[in-house]
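Before any comments, here is the structure.
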Amino acid sequence: MKIHELVDDLYEGFVDRIGAPLSASARDLPRVLRLAPVARPWSQVFEHEITLGAPALFAEPMMGVPSALTRDAMLAHLLAVIDSFATARIEDERIDASPHVFAVLGQARRERDRAMLRLFSRTPLGDTDFRAADAMTIRAVRRERAMLQSTYPVDFDLYEKTLVDKRCSGVLASAALGRIAGLGARRCRAVRATLESISLSLQIYDDVVDWETDRDRGGAWAMCLMRGTRPPPSSGKHATRGASARSEVLASGILEAMLLRARMHMRSARRRAWALRAERLASWARVQEALLDALVVAEADSAGFAVRARARSGFGST
């Protein structure tokens, strides 16, 4: 079964288990979270298999891991990622969640945790415990919101730490599967680092191409990074709205700098994936790295190219 098909099969099984009346809300969740214009399977919400199917990609070179354990890791990962996106959108007040949505998310967290219990046959170890990750996600989302709304000057270290913390639950199931497969502590850390690098690369790219939309909605990382990593103009003031803000961001070169970071993280992910013998994942990362490399060159030649390319064709969309 292909990964996207497995994602949809696992989610449909979850929907069937929670039953009516929550099943209808669960199927409608992509639309309610504004991740899709209409209700559709999760495989059609995110283009890349890695987003919802990471454990399966890491499981390919693991010998002797029962398929049932891979499915449990997939289910835990799938529901964790969905809950992470939902938490961010609810905390950001980008959606008005109904009681049914909160109930669905509560069921998702319980099913996620049960899947992890089945993986370990006991309480998960501390670094694979979703409860701590849930708390970290909420703290990161709130920290992000405060910084974006105030256009707080940040450097890349703080920016990337916030992004990693925000999506921290998306690495646990893959790391747990690696531990069960006997990869050892060093290789399990490499699994986590690979996923963190991929998450950073994809999110930084999104923050580049969506920066104007994000600014109009409440704040853009590009503007925070520009103020934290670039010297202010001679007036000492920064534009915050309209054409002047756009001109300032484009002139600062911050979008190119962000794309360079995105490429760097994807390159790191590719190298680690090859070392882990996750060849399919490494091949995918190599393609993404090449796309980012082309964008870096084009952005250096014409500021704002990445935004225009995304608007025209969905170039490199996640």
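What does the C-alpha gyration tensor say about the overall shape of the chain? Classify as rounded when a/c is under 1.5, otherwise prolate if a/b is larger than b/c, or oblate. It comes out prolate by the Cα gyration axes.
In this rough spin-label picture, where each label sits 7 Å from Cα along the Cβ direction, the SER150-ALA39 distance is 4.2 nm. Taking the longest Cα principal axis of the chain as reference, the axis of helix 67-91 is set at about 40 degrees. Taking the longest Cα principal axis of the chain as reference, the axis of helix 99-120 is set at about 60 degrees. Stretched out straight at 0.36 nm per residue, the stretch from SER67 to ALA185 would grow longer than its current Cα-Cα span by 40.2 nm.
Using C-alpha pairs under 8 Å with a sequence gap of at least 6, the mean separation divided by the residue count of region 87-202 gives a relative contact order of 26 percent.
Each peptide in 89-95, 56-62 receives the mean, over its residues, of other Cβ atoms within 10 Å, and ordering these scores from highest gives 56-62, 89-95. Figure legend: label point modelled 7 angstrom from the Cα of ARG280 along Cα→Cβ; residues of region 1-27 with amide N under 16 Å from it are 1-10. Each Lys or Arg adds one and each Asp or Glu takes one away; over the other residues whose Cβ falls under 11 Å from the Cβ of GLU289, this sums to +4.
With the simple spin-label model, which puts each label point 7 Å out from Cα in the Cβ direction, the ASP293 to GLU12 separation comes to 4.0 nm.
Estimated from the Cβ-Cβ distance and a Förster radius of 25 angstrom, the FRET efficiency linking MET264 and ASP96 is about 0.10. As a rough guide to protection, the peptides 164-171, 21-28 ranked by mean Cβ packing within 10 Å, highest first, stand as 164-171, 21-28.
FYI, it's all coordinate maths here, none of it is from the lab. Worth saying up front: this structure is predicted, and the values here are computed from it rather than measured. Here Cβ is always computed from backbone atoms with ideal geometry, including for glycine, and neighbour counts include all displayed protein chains.
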